[in-house]
Amino acid sequence: MNERIRSLPSGLNEIESRLTLSVEETASLLGLGKSAAYEAARRGELPSRRLGRRVIVPVPALLDWLGIEPTVAAVN
């Protein structure tokens, strides 16, 4: 596994304080394979942005896509 990835987030509480996630982290949260998550991002089905060669998933866009309201503590 790619050594750049920290321990993968285990739930939504861990990601609310972050601004972005990697596609691999997002795949883990959603129960998808890495290839399926990259393909969904490429097709525009998963909210993502390209930053150079990297593909990142903005946490606020992901939470909105999932229909989850961010907690007040995470917003402040």
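Looking at the stretch 23-53 only, could you name the residues that are more than 23 Å from residue 69 (Cβ to Cβ), part of a strand (DSSP E or B) and modelled with pLDDT of 95 or more? Passing the criteria: only 50. Return the residue satisfying two criteria in turn: it lies in the stretch 1-22 and is within 13 Å of residue 62 (Cα to Cα) and in a helix (DSSP H, G or I), and of such residues it is modelled with the lowest pLDDT. Checked the stretch 1-22; the qualifying residue modelled with the lowest pLDDT is 12.
The values are calculated or read from the model by the stated rules, or taken from the named source; none is laboratory data. This is a predicted model, so every value here is computed, not measured. FYI the Cβ positions are ideal-geometry reconstructions off the backbone, even for glycines, and counts take in every protein chain you see.
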